[in-house]
1. Using the Kirkwood radius built from alpha carbon pairs, what does the Stokes-Einstein equation give as D for the stretch 360-463 at 37 °C and 0.692 mPa s, in µm² per second?
2. Mind giving me the nanometre distance, one decimal, between the label points for ASN638 and ARG549, set 7 Å out from Cα along Cα→Cβ?
3. Might you work out the accessible area of GLU383 for me, using a 1.4 Å probe with all protein chains in place, and round it to the nearest 10 Å²?
4. Rounded to the nearest 0.05, what FRET efficiency do GLU346 and ASP65 give with R0 = 60 Å and r taken as the Cβ-Cβ distance? Could you check?
5. Could you give me the percent of Cα pairs per 10 Å distance bin for the stretch 353-418, shortest bin first, beginning at zero and ending with the bin that holds the maximum distance?
6. Report the equivalent ellipsoid semi-axes for the stretch 112-162 in whole Å, largest first, defined as the square roots of five times the eigenvalues of the gyration tensor built from alpha carbon atoms.
7. At most 11 other Cβ atoms within 10 Å and a DSSP loop assignment: could you name the trypsin sites (Lys or Arg not before Pro) in the stretch 348-424 that fit?
8. What spacing in nm lies between the two simple spin-label points modelled at THR795 and ALA254, each 7 Å away from Cα in the Cβ direction?
Amino acid sequence: LHQNALPANRRPWRRRRDAAATMEPRGATASPIVTHGAPPPGGGAAGPPPSKCVRGPRLLIRPRDHQPLHWHAGPRTRRDEVAVAGRKPSDGGYSLREAFLWCRPHTQRFRRQREIPPRRDRGYPCRGDDDVFIDLTELNRIVYNEATPDDIQEHVARIMADWTESDAPETDVGKALELLRSHPEELLAAVIDAAARDDNVRNALVDEFQSEAVAVPRAKSGKMQIIWNALFEVFGRDDPTNSKNVGRVITGLAELFRSAPGMLLQVFLERASLESRKAFYEYQRSVHCDYMRLLEGEIRRYVTKKQYNDLRKITAAIEVKLEGFPDAFGSTALLASAQAGANLREPPPMTNVSFDFDTDGKPDAIGLVVDLPDLIRWVLGFEEVRSAMSTQSGIIIKVNYDGVRLVKNSNITVLSIVLLVPGGGLSSRVVNIGGVYFGDDHWREGKCHLSMPLSQLEILQEEGLSDVPGLRYDDADADQGSNLRCTVLVVVDGAAESAIAGKAGPASTWPIPNMVVPSWGLATHVFSDVRLVRDHDAELEAAVWSGGRADNVQNRREFAIQHQGVIYENLLGKYQLEWSRVDTLHATFNTWKHLMQAVYKVMVVTNNCEAFSDALRAHRVYHRATAVDGVAVFSITNGKYYDRLFDPSVWEAAFADLADDMVHAALTYLCYLTGRVLQHVNDRGMMARDWLELNVNLHCLAAAHIIGVGPSSIKPSFFGLVKKGPLQLLDNLRVERSVGLESNTLSFSDTNNAGQFEAAHRETANSILAGTRGGGRPREAQQALGTEVAARQTTSGQSVGAQYGLCLAARATNAVSFQLKQILDGGVRRDAELQLGRTAQRYG
């Protein structure tokens, strides 16, 4: 501080006079505390008018009682005031009244008439009617007056020694923590005391922190510091630098967590505790390293070098997947990742890009597809997969495409494949994603994005798969030079089946693809001999669309009505009837849904709604059931819990309160019969030899629904199951022979259930939503698409580049999951064995 800032007779640190005389504020060329001549006599009388507002600290704390002095925001200043006083509209200052009371704690007197008018006349801005704003220079005049106690002068001098105007905090009161970081408890006590004494301070704090709890700072770092101070106050002795006190705090925390069992484990497993877990695992490895080296030496003695390397790779893959897994080979986490990467083969890239354009010809949605032959070769490269197919002379490629709700404004449709083995038709662990695009599973989007992979499937069906040594076309082929035979099965839900075949949907006049049955005649035709037919002339005309007609929705609908549902080009080509399979999963769901809606109407009429709903909830059948103005409203969502409806006790409890014995008997029989037949459909033992039994059972169930509920109970999904299901089950004999399997080894669920794809697509979507958001691969998208295309915004809300990143993430997530399951979980054969047990437990 400059000597002129303090009268000579009020310098309590006279021993350091020489140093003080030459002290300059840090980083400044001149002291901001400048006086205009000699200080006037008296109790800090007003000095000359300020030419510049010298800013001071936002908060000063009085040392004896922690009373605060605030720098207040300034008033709005008129242009004439700016011209006269040279002050900026943003300047603020200390309150003159507060400054006098802060500097005179022993008198607490402020002479308004003596102090305010002179400063107001000299250009200091008004702060209300009885106060003015003063800057740091004027505050120093008051501080270093004879009436100010020595301890306050020394305290201000220490603060000002390192103060420059550029140090002025510009955010909030929390910046005072930086000025008093060595004494946070004093700041806290001052804030609490100020709020208790002054309503203005209290209201300001409430406005600042939006809470009555003004004692807690808003910044997280400030809250953390208060918590640590409290811990040392409770468990230690207020000295965090003392090692004994640190030990006392650790012991106290251990006793605290002991009183809440399990809490410490939850804290340890929390995502924010990642660094703590890493430190713990490193410590654990350092303790166990000698024993692990001993174990590694013993392993080397008993296995070959190749076996040792395979074990090391598998262990590395487990380390990458499971955090904290014990390292049996002494490798670091980075080395484990490298080993796992070496063991996890790089999947084929998704280099085939397709676009869906808007009406202006600009890209509005993107799709990525991998070459399916390369994908199948990659899957067959795993020894776990090859060993499961070593007895086959060909492979069965089970295909599905379905929409997944991955983003808010658009679906993502995923094309996936499974190399089918007996017993593996329900496992999501063997699903591999071959294509992803933004859009629904409708014909137009499918035509845009899936034409190439569907063409590749046709070529594989005709020519087989080349370059697959070890798996051959025919046992007589000694040099294994022939292509591997491929048989394709397409299993999708009813809407997707109609779309991919170019037929009208289930709500149209002709709801069943390739069956000439109108929507109003399903119940009358369910017992007729309805054959699968294709109108090739109509399909050709729909694909070419000649004749001068406008290609619009209205004309297409009229064409479909006239040509038994043919509305667009058939995307599956000549193999459509051979490939298409009815999906037993959605057929089961839809059959139960429509039956339950009809049953609920009976419950409404008989006033048994609550008992019916309670019985379903007791058996954990998730549904929504209401009755509004006598209208029955019942909905049930898709899910694995449908197998609980096969239990007869559900219906005994649901209809227990029915007074009419005939109604009770009819509904119980109808629901029990539905459960038994659909259980039979999903039974793992349902082989090709059982096709006639399945045919009889399904027709009997259809008759029961018509008699018990009415003709309206026969919906397109159930009709397709009744008329197509048994014949497709019989066709499994052809599929088995085509790949060299024994007869009656593939079940109905293996070839006709899309549940494994639904589960895999949902798992992939959840993984992406929990991880990458908004794409996350901008550089890759720009390199692949160009900056302009990648940055274009689509109608679904994302950029094309973001969609590109999400498609890549879906494929990458699925590929890593598939690889780890092969390495860690025993591969395809082991998974099929486990799936057999789960299916038997669920369906019998």
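1. Values: Rh = 15.1 Å.
Translational diffusion coefficient: 218 µm²/s.
2. A separation of 3.2 nm, rounded to one decimal place.
3. Roll a 1.4 Å probe over it and GLU383 shows about 120 Å².
4. With a Förster radius of 60 Å, E is 0.30.
5. The calculated distribution, bin by bin, is 15, 36, 25, 16, 7, 1.
6. Taking √(5λ) for each eigenvalue gives 24, 13, 8 Å, largest first.
7. LYS408
8. Those two pseudo-labels are separated by 6.5 nm.
The values are calculated or read from the model by the stated rules, or taken from the named source; none is laboratory data. Everything numeric here is computed off the predicted structure, so don't read it as measured data. Neighbour counts run over all protein chains shown; Cβ positions are idealised from the backbone, glycine included. For accessibility, only protein heavy atoms count, side chains too; no ligands or nucleic acids. Shrake-Rupley method; radii C 1.70, N 1.55, O 1.52, S 1.80 Å.
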